[in-house]
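FYI, it's all coordinate maths here, none of it is from the lab. Treat the numbers as computed from the prediction; the structure is a model and nothing was measured. FYI the Cβ positions are ideal-geometry reconstructions off the backbone, even for glycines, and counts take in every protein chain you see.
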Amino acid sequence: MRSPPSQPDAPVRFWRIAVMTAFTQRGHCLPVKPIVIGKMEERTLNRADLADRTRAELHAPYERQLAPLGHRAMSELSPNLGEYILDIGCGTGQTSVELGEKVGSTGEVLGIDVAPAVLEVAAEKAKSCARVRFVQADAQVYPFEPGLYDAAFSRFGVMFFTDPVAAFINIRRALKAGGRIAFVCWRSLEENELDTVPLQAACPYLPPQLEDPSSAPPFSFSKADKIRDTLSAAGFAGIEISAHNEEVGSGDLDSMLELTLRVGSLGKIVRENPSVRPLVLRPVKEALVARDGPKGPQLNAATWVVKARSLT
Ligand SMILES: C[S@@+](CC[C@H](N)C(=O)[O-])C[C@H]1O[C@@H](n2cnc3c(N)ncnc32)[C@H](O)[C@@H]1O
């Protein structure tokens, strides 16, 4: 199997070349059609529920992996005592609690997420934080109190909107004039070893017809121009977008293996096609053993750290 391209921005996509080549060499069909399981709405709901429950169950290793990436964006936000802050797509609430510590007893944090299972974990985590609360809703349309918040934050929670401009307009309206936003999101799949290393190892054993994981929703902001255009159209200014690379892991080998097989690009495939798990377990474990060290296996995360200010 080929290695991923050495140039991160190489125009030839890793998935199309490396992964699809492996499929054709092994006589698989080309992955031109999505797997169809029942009606589209049912499929979307069921898959979303499964993803939600999995992230709730694996919240500790998942949050361990994402923590340093979120901290990078949080330092750009620079939250202060007494501030009111939104945590968009707050998931299991680790960042909401951290923001709560920064704003103290005179500030407030509102974590918003569409998914009920993760919010149960978040509520438990924040039960002693009087100034952190959660709402289960779509941040694209939720009627936030206008002009109440000093800042909005997100760790990988802003790439899933059906209408990103409308969503960021809705978030901006919740901010005070000049209010800040900072978030971290993924660059391309091809640049993320967190995805490419397990996918390459598992590739020969994956089902023949798959959706292209590099165009999945988590990568919808993989191009900086799209982020800039979206924020600008939504009324943000002073937009700064920096590439940030960092090797991350979720703990020891077993923890990283379990997370990789249930969350992320390969995790989604295995979750939705459980029969491949016994086939990919060994090759993925070997790939992670090759990256093991004192902190457990570490793989590069390629992200954008974004900050901006509301114009009004
Ligand atoms: C990749 S997870 C990140 C969760 C959390 N921020 C963290 O870092 O642990 C993305 C989260 O965004 C949530 N989400 C997706 N679309 C959303 C929307 N329109 N409104 C609110 N939350 C949303 C998902 O339910 C999920 O919990």
Legend entry - Three-way shape call for the stretch 207-264 based on the alpha-carbon gyration tensor, with the a/c threshold at 1.5: oblate
Inset, instruction - Enumerate the residues in the stretch 211-253 having an amide nitrogen under 17 Å from the point lying 7 Å beyond the Cα of residue 281 toward its Cβ. - result: 253
Legend entry - Electrostatic dipole magnitude of the stretch 17-310 [Cβ: Lys, Arg +1; Asp, Glu -1; Cα centre; debye, to 20]: 200
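Around residue 257, with a cut-off of 12 angstrom between Cβ atoms, what is the net charge of the other residues, counting Lys and Arg +1 and Asp and Glu -1?
After counting each charged neighbour, the total is 0.
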Legend entry - Peptide ranges 145-158, 239-252 listed from the most packed, as the mean C-beta count within 10 angstrom indicates: 145-158, 239-252
Inset, instruction - Stick to the Cα atoms of the stretch 201-312, pair each with every other, and give me the Kirkwood hydrodynamic radius in Å at one decimal. - result: 16.3
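Rounded to the nearest 5, what is the percent of antiparallel bridges among the DSSP beta bridges in the stretch 17-310?
Among the beta bridges of the stretch 17-310, antiparallel pairing accounts for roughly 50 percent.
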Legend entry - In degrees, nearest ten, helix 59-77 long axis to first principal axis of the chain (Cα): 50
Legend entry - Within straight-line cross-link reach of residue 176, lysines at Cα separation under 20 Å, skipping those fewer than 8 residues along the same chain: 102, 307
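What is the order of 127, 285, fewest Cβ neighbours within 10 Å to most?
Ascending number of Cβ neighbours within 10 Å: 127, 285.
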Inset, instruction - Return a whole-number percent for the relative contact order of the chain, with Cα pairs under 8 Å and 6 or more residues apart as the contact set. - result: 21
Inset, instruction - Express in whole angstrom the spacing between the alpha-carbon centres of the stretch 287-304 and the stretch 106-140. - result: 30
Legend entry - Pair residue 127, residue 247: separation of 7 Å Cα→Cβ label points (nm): 3.9
Inset, instruction - Note the full-extension length gain between residue 225 and residue 145 as 0.36 nm times their separation in residues minus their Cα-Cα distance, in nm to one decimal. - result: 25.8 nm
